[in-house]
Amino acid sequence: MNYKLPSLKEIVNKNFIVFKSEKGISRPYNADAAFLIDKGVFYIADFNPLKLSKSMMVDCDMAIEEVVKYVKKYRCLLVKDNEGKPIGFIDSGIMSECLLNSYRYLRAFFDTVLETMDASCTVIDKNEIVCAWTEGAEKIFSISRKDIIGKPITDFFEPNMLEILKTLKQGRKLHRHRHQPRPDLFVLINSNPVYLDGNIIGAVVSETDITSQVRLNQELFNISAEVHRLEQEVARLRPSKDPFSIIKGRSRAIRKTIEMAKKVSSAKSTVLILGESGVGKELFAKAIHDAREAPNAPFISINCGAIPSSLFESELFGYERGAFSGADQRGRKGKIELAKGGTLFLDEIGEMPMEMQVKLLRVLQEKKFYRIGGTKEIDADFRVIAATNKNLEDMIKAGKFRDDLFYRLNVISINIPPLRERKEDIIELTHYFLYEFSIRYNRPIHGISQEVMNELFNYSWPGNVRELRNVIERLVVLATDGIIKTEDLPFVHQVDTRSKNIYNQLEEPSDDTDKILSLKEELELCEKKIIERVLQMENGNKQACAKRLGVTRATLYNRMKKLGIKV
């Protein structure tokens, strides 16, 4: 809401009188204030007895924020119009009433906005005191407004589960972030700090309950995993005729890219594939090749960034026997010759040395080349697909890539979106990789928790699909009991604060350091502390507690009974 404070013209008191000399001052009976203007100096007059106090005159266009500064210094201010003529006065009483009315106006809108919202909305001040708690928050958290308003939010929730505290202390902003404030609750959260004069004075968070959607998603995940398993079996028995079936994902972004690649496959033009490292550029190149070439046509890949400059020419063009010391006596075909009748895939083309760019351009133009040390001209019959994760146009400006080669390669370009821009594909890719690695390592996976899926969704994936594949392989390898665990994720750098609290509590010094119990009693005391702490962390959920401790529920109940912990 774009609300501004009223102007001075709207709030000035126009019932005043101005005297030109001190001798002519008399008590006005029909004016609320009397002023004296003497030689350019302004005074406010008080009577019984007569007393003159300094004042000043301000422009009617002056902002209220500026006027407040002068009201602190002068009891009363004259206000003039744009022509310099006094039109009224303002004092602290008028200013206070103006600010109070403005506050009430804004407060009315603020309260109505909160009452109109369906979503949960929470507002805290800099001392973590709850200032606002909507009806949506009451429904989600089962805490009434009268019970929580005016109290610290940490009296009702564990501090490490509160995103609003991170916003308050770190200025962290969130938009549509998945969060789990309780074991049985999932929300979609927006969070923003409240700034005043550059300082954080509070925080606001809104939450939408998505628990039902999460549970449906978990069921969908399990069903999709089974469907995926059946699809894999069918694919194994009946290979697909669609070369692009190897590219997984149903998001709009990836479907659009696949459609573009299929159009390209209808012609044998040169293709330039653009995309970050790990998005699957070679998969697209292989699919385009399979779609437009004969079944037995060669697909020859060369990584331009993995070959030393001194060996690049021999790798690309091959050499005749005795062409240089150390050369194979039978000679050797180069990648271009091996790609005859098929596709030469130039991966990381941006890494190709400048001197090789000239020679490659000549081959693309003339369709002929010579082996190193050879005198016989060889026809070049191949299609080129190039790929890079660099901005070639910037490299051209920097003099690191030839513009003529770029225009020769950039007949048709395909830009593959990074995984962070198609996160809806993470579910399908995760299913696919889970099945692949569970079969490879003969390790059945019983499922994947929503907590792990949240971490996968919230991660930015700088390494894209390749990184996701490696992460899923790691999770399968470490899941010796068939259960995927959050702590096995490589990008969860921060140690679980809740787990650290267990050991921190055990390390606290005893009040009586001289009193030593027997070893058995000391161990039972430590065990009791651990179980009680984990129960508190899991909100009394025995099943979750047993799972965290790595024991069965029956074992947990027996230990609790023996240690005197209330079941």
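The values are calculated or read from the model by the stated rules, or taken from the named source; none is laboratory data. None of these values were measured; they are calculated from a predicted model. In this analysis, Cβ positions are derived from the backbone assuming ideal geometry, glycine residues included, and neighbour counts consider all displayed protein chains. The area values use the complete protein model at the heavy-atom level, side chains included, leaving out ligands, DNA and RNA. Shrake-Rupley method; radii C 1.70, N 1.55, O 1.52, S 1.80 Å.
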Per the rule of 0.36 nm per residue minus the C-alpha distance, extending residue 294 to residue 446 adds in nm 50.5 nm
Over all Cα pairs of region 428-473, the Kirkwood radius sets Rh, and Rg/Rh then becomes 0.96
Reported to the nearest 10 Å², residue 62 has, with a 1.4 Å probe, an accessible area equal to 50
Counting only DSSP beta bridges fully inside region 1-60, the antiparallel percentage to nearest 5 is 70
Computed about the Cα centre, the charge dipole of the chain from +1 Lys/Arg and -1 Asp/Glu charges at the Cβ has a magnitude in debye, to the nearest 20, of 940
Two pseudo-spin positions, 7 Å from Cα along C-beta at residue 355 and at residue 145, lie apart in nanometres by 7.8
Order by accessible surface, 1.4 Å probe, largest leading, for residues 178, 553 comes to 553, 178
At R0 = 45 Å the Cβ-Cβ FRET efficiency linking residue 381 and residue 252, nearest 0.05, sits at 0.75
The lysines whose Cα lies under 21 Å from the Cα of residue 529, excluding any fewer than 8 residues away in the same chain, are 500, 515, 520, 542, 547, 561, 562, 566
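Using a 1.4 angstrom probe on heavy atoms only, work out the carbon and sulfur share of the accessible area of the chain in %. Can you show the working numbers first?
On the way: 16300 of 33070 Å².
Looking at the chain in its full context, I get 49 percent from C and S.
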In nm, the gap between the two label points placed 7 Å beyond Cα toward Cβ at residue 81 and residue 277 is 7.2
Sorted by accessible surface (1.4 Å probe, heavy atoms of the protein chains only), largest first, 71, 551 come out as 551, 71
Once 538, 97, 66 are ranked on solvent-accessible area with the largest value leading and a 1.4 Å probe, the list reads 97, 66, 538
Within the chain, the percent of DSSP beta bridges that are antiparallel, given to the nearest 5, stands at 60
Reported to the nearest 10 Å², residue 44 has, with a 1.4 Å probe, an accessible area equal to 10
Of the candidate values (i) 0.96; (ii) 1.18; (iii) 1.04, the one computed for Rg/Rh (Cα atoms, Kirkwood Rh) from this structure is (ii)
In region 314-400, the chymotrypsin sites (Phe, Trp or Tyr not before Pro) that sit in a DSSP loop and have at most 10 other Cβ atoms within 10 Å of their own Cβ are 324
Only helices counted: for the chain, with every DSSP H run of 4 or more residues adding -39500 (n - 2.57) and the sum spread over all residues, [θ] at 222 nm is -13000 deg cm²/dmol
Mean accessible area per residue over the chain (1.4 angstrom probe, all protein chains present, square angstrom) is 58
Quick calc, residue 111 & residue 31: beta-carbon distance into FRET formula, R0 45 Å, rounding 0.05, result 0.70
Semi-axes in Å, largest first, for region 55-210 (Cα gyration tensor, √(5λ)) are 43, 15, 14
